[in-house]
Structure formats: C-alpha cells, structure tokens
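Computed from the coordinates by the stated procedures, all read-outs in this text should not be read as laboratory data. Because the structure is predicted, anything quoted here is derived from the model rather than measured. Quick reminder, even Gly has a Cβ in these numbers, built from the backbone with ideal geometry, and neighbours come from all protein chains shown.
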Amino acid sequence: MKVAILTMFSGLSTTYSLVNVVADQIKMLIDANVAVKVLVCETCPDSERTGIFSDARLEWVKITNTLNGQPIVWHDYSGASGTVHETFFAEADAIAKDFTAHLQDVDVCILHDILYQGWHLVHNIAIRKAQNQLPHVRFLSFTHSLPVNRPQEMEYPFSARFTDMPRTKFIYPTYSGISALDKQYDVPEGKCAVVYNTLPLVPSMSTPVQAVADVIDLMHADVLAVYPARLTTGKKFEKVAALAGAIKHATEKNTKVIFCDFPSTDISSKVYQTIIRTEGKKYGLSDADMLFTSEIGYPDGFPRQSVFELFTLSNLFICPSYSESFGLTVLEAASRGNFLVLNEAAPALKELGDKLGAYFMRWDARNFGFDTHEKYAPSEKAYYEEHGRRIVNLMREDRSLNAKTLVRSQYSDAWICKNQLMPLLNIE
C-alpha cells in the first residue's frame, strides 16, 4: 500500500493549522508502515522541512507551479460562475501532467482542501484531468472548513467545487457536517466519512513520557492511575495496585498503573516491586498493566515535569499512604484534573481531601500519637471492588473528567488511525 498526500503547500509554517493536521496524518501512516508520498507546490522551501516533514521515509515531490517560465498565480475562484484568467486551462493541463506522472505508483491519494478551496480551482481541475489517466487510484477528499451551500446554477470550471469525482470519498472532521458535505457535492451520505483531527498529546510531551508510552499503552486506558513516591512500604504501593486490580475486575475497564518510583533504604526495590506486582495480579491486573519507571531507565526517580505530564494524561490518583505531613502529590494530581482517592485515616490526607472534594477510603494509618488499623468485612477484596464500582461511576458522571478521558483515548492518533483512517484505506 502506498498513499499520496496532495496538499500543494507553498510553506510549512505550523501557524497554518492544516500543516499540523497533515503532519499528524503523515505520522499515523508512517507508524502504520504505510509508504507515503507528499505532493507540495514547487515553491515550498526545503528549509521549512522539519519534524515529520523531514523524515527520511517520506517521498517528497514538488509539483510544478510554472507555465512557460512564468510562475502560476493562484486566483480565488469561490463563486459559481464567472470568467477564469486567460492561461487557466493551460496551467491546469501542465499541473495535471505532473499529477499523472507522480501518482502512477500510488494506491490512494488523499486531497486536502483541493476540491474545496476557491484558490485551488486550478488544482481541482488538474486532478480531475489526471484522474482519467489513473484508473487504479482511489481518492479521499478532505474538507477542513464549513461546507458551502450548493448553488442552483453554476458554470464550468467553477462547478468543480460542487461536483462529485469518481472513486472518491469525501471526508469531514465531524459527523455534524456530513449532511452539508454531501449536499455541496451532490453525493449520497454513503460517499462521505468522518476522520477526526487528532490531538497528539504524547508526541508533544517530554522524552521520559514518550519512553513510558513506548512500554505501556497510555492512550487507550479507561482508567489510568499515576503514583509518584519513594519506594517504601509506608507509601503502600501494593494497595494502589490492589485497588486498581479490583477496579479492573469489578468493572471490566482497561486499567493501567504507572509507579514513578525511586529507591529507599527501607526495603530492596526488587523485593518490594515483586510484592506490588503480586498484589496487583491477585486483585485483577496483569503484569502488562503495571509499570515502574525505575525499570525503564529512571532508577533514581522520574523527572518532576514529566510526572506533571503523566498527571495530564491520567484520570485517577490513589493515595493510601500510611503517613503524610502534607501530601504535595495530591495537589499535583488535582491540578491536572484527576479523580482523587485518599486515605481518610491519615490526618493530612483527610484535611486536603475535605477541601478538594476527594473520595475517601480507609487504610492503616499513623495518627498523632497513635496508629489505626483497618479490618474489612467480609473481605478486603470485596471492600475494594465495592468502592471500585463507585469510583468508576463517579468518574463517568464527572463531565470534565469524562471529557479528559475521551480526548486522550478517542482523539489520539492511534485511535483515529485504527478506527477511521485505516478502514478508508482498506487496511484492517
């Protein structure tokens, strides 16, 4: 499978939103091992090729923007009738010849605003001419602005902005625009489809977070918990793993836990990590559901800024700590919009939780001058599963938290690629 992306960009400034959309699309295709060819205007400067646009796996093609030694000037033909400039059709023929030559070896050609924008009318006509010589190529025509009303009367070539094209699907970024899109091109809704614009959260984050994402699936977790702490038994890591496991078992939610750990002198890190993993698996997690950042190259602690970034992605913070003087990580997690589950028996956590509207559970704790010990009836497992179901229901009912989770999971490049883009390319 080889895909061409036809943009006719004359520059690659990221202040132009479509440049970012195309960059995300290129990355999705390359990550899916699809061969990609990008077609831009011949005036697009190579010096602006940075990031994914400079990837060695890309085939970069410049399409002519010259006729008889003179630069082609793009005119904005947004109307439905009128008169085109004298050299319009000669320019379209020259561009069509280039399109035909460079699309011979592709299976699908993705058009970005080529059939929509008035200033691309010459390219619109050119690609329709080229298509006659490319019977094996399918087209996906993306529209990135509000579809325009179809005029009752129109003249060629202006009518091309309102006309179907063979072997073409018309794509819009939201379902709400499909009805207007099919009316603009006078096509049935079956010839239209939706591909969201992606929000590339992880690629915009630090190298340590990207290293985490390489090991554990951050984007598709329904419940994602992050727990940064010194690897000491007083922080009760195993209780975080146990509650997360109970949530997964009781609700069948895809649940992941990231422990941003650093060593203590209280207990061997390897010994305690084994205990934590054992507890997590006992209650419902798998080994793949848990990650210690000390095991992926950060044995002395995960960078604080990267912890903040992980909290931006996560939606659940569990703190069963035996003793806290303040609980700064609670504030850090809350500041990034996480659902807070705190140990009610620890005075500092109770004080913070009351102010922040946290959900309370009870674990063993050290109080002022005495310790408390919890007993669970009928069992600790039943206690965790009962609260786990309540926690998930409350998270679902929290509109802001639900929105945060959906943005991460359903507007990620991986989700969009798998569920929307690849099916249009006939790649499962």
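Numbers below:
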quantity	calculated
Convex hull per residue volume in Å³, alpha carbons only, for region 150-202	107 Å³
Dipole magnitude (debye, nearest 20) for region 202-410, charges at Cβ of Lys, Arg, Asp, Glu	260 debye
Relative packing of peptides 123-135, 62-74, 85-97 - highest average C-beta neighbours within 10 Å first	123-135, 85-97, 62-74
Region 44-101 - Rg over Rh from alpha carbon coordinates, Kirkwood radius	1.08
The chain, relative contact order [Cα under 8 Å, separation at least 6], %	12 percent
Net charge, His85 excluded, C-beta distance under 12 Å - Lys, Arg +1, Asp, Glu -1	-3
Estimated vicinal HN-Hα couplings, Hz - region 118-131 in sequence order (Karplus 6.51, -1.76, 1.60; Gly, Pro = x)	x, 6, 9, 4, 5, 6, 4, 5, 5, 5, 5, 5, 5, 4
Ordering of 312-318, 41-47 by packing [mean C-beta count within 10 Å, highest first]	312-318, 41-47
Charged-residue dipole, Cβ positions (Lys, Arg, Asp, Glu), region 49-156 about Cα centre, Debye nearest 20	220 debye
Histogram of C-alpha separations across the chain, 10 Å bin width, %	4, 19, 24, 16, 14, 12, 8, 3, 0, 0
For region 122-254, alpha-carbon Rg over 2.2 N^0.38 Å	1.75
Integer Hz, Karplus 6.51/-1.76/1.60 couplings in order for region 200-207, x for Gly and Pro	x, 5, 4, x, 8, 9, 6, 4
Over region 5-91, volume per residue of the alpha carbon convex hull, in Å³	129 Å³
With Cα atoms, 0 to 90° folded angle of helix 380-397 axis to the chain main axis	40 degrees
Hz values of 3J(HN,Hα) by residue in region 19-29 - Karplus curve (6.51, -1.76, 1.60), Gly and Pro given as x	4, 5, 4, 5, 4, 5, 5, 4, 4, 4, 5
Region 315-428: relative contact order as a whole-number percent, Cα under 8 Å and 6+ apart	20 percent
Using alpha-carbon coordinates, inclination of helix 269-283 to the longest axis of the chain, degrees	80 degrees
Binned Cα-Cα distance frequencies in region 202-410 - 5 Å width, integer %	1, 7, 16, 21, 23, 18, 10, 3, 1, 0
Amide H contacts under 5 Å for Ile5, placed H, 5+ residues apart	Lys37, Val38, Leu39, Ile110
Burial ranking of peptide ranges 207-217, 108-118 (average Cβ count within 10 Å, highest at the top)	108-118, 207-217
For Phe339, residues with placed amide H under 5 Å, excluding near neighbours	Leu316, Phe317
Within the chain: Cβ-based charge dipole about Cα centre, in debye rounded to nearest 20 (Lys, Arg +1; Asp, Glu -1)	760 debye
